[in-house]
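> Would you mind keeping the following structure in view while I ask a few things?
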């Protein structure tokens, strides 16, 4: 049986960030689906569930928090790593209280992000 690479959903409204992170994650042995909006990501869940979500907090339309709420309301339990360019302690606490497995500030450190994704994928596989 062939080993499948974990599927990571990357949700960020900035094209340059999506492109850079997708390249980095692909080079780190992940399959990556990229989405420019929270709604695109939520719509994709009808056909394919990722193993982990890297979710930008501040986006036009649905924010990262809105996406977290929609997943919770839909009883869709996915590990979420929230990323933001505007770190705020209260925001960090909110995201973690809402179920995010991690909260990171941009610019992201490759090693830290990859380690967190691997941990999240392992935990999801074990449950």
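> Checking the condition loosely packed, with under 14 Cβ neighbours inside 10 Å, assigned to a loop (DSSP other than H, G, I, E, B), without any contact (Cβ under 8 Å) to a residue 24 or more places away in the chain and over 13 Å from the mean Cα position of the chain (by Cα), which residue from 46, 23 passes? Even if it seems obvious, please write down each step before you answer.
Values: 23 fails: assigned to a loop (DSSP other than H, G, I, E, B).
Exactly one residue qualifies, and that residue is 46.
> If you check residue 58 against the conditions, is it within 14 Å of the chain's Cα centre (by Cα) and surrounded by 14 or more Cβ atoms within 10 Å (Cβ to Cβ)?
Here the answer is yes, as residue 58 does meet what is asked.
> Mind listing just one residue for me: the one in the stretch 49-66 that is closer than 20 Å to residue 113 by Cα and assigned to a helix (DSSP H, G or I) and, of those, modelled with the lowest pLDDT?
My answer is 65.
> Which numbered condition in (1) under 18 Å from residue 12 (Cα atoms); (2) at pLDDT 95 or above; (3) touching a strand residue (DSSP E or B) at 6+ places or on another chain (Cβ under 9 Å) is the only one that residue 114 fails?
Residue 114 satisfies every listed condition except (3).
> Considering only residues that are surrounded by fewer than 15 Cβ atoms within 10 Å (Cβ to Cβ) and in a helix (DSSP H, G or I), which ones fall in the stretch 78-125?
Result: 89, 90, 93, 96, 97, 110, 111, 112, 115, 122, 123, 125.
The values are calculated or read from the model by the stated rules, or taken from the named source; none is laboratory data. Bear in mind that the values here come from a model prediction, so they are computed numbers and not experimental data. Note that each Cβ is placed from the backbone with ideal geometry, even for glycine, and that neighbours are counted across all protein chains shown.
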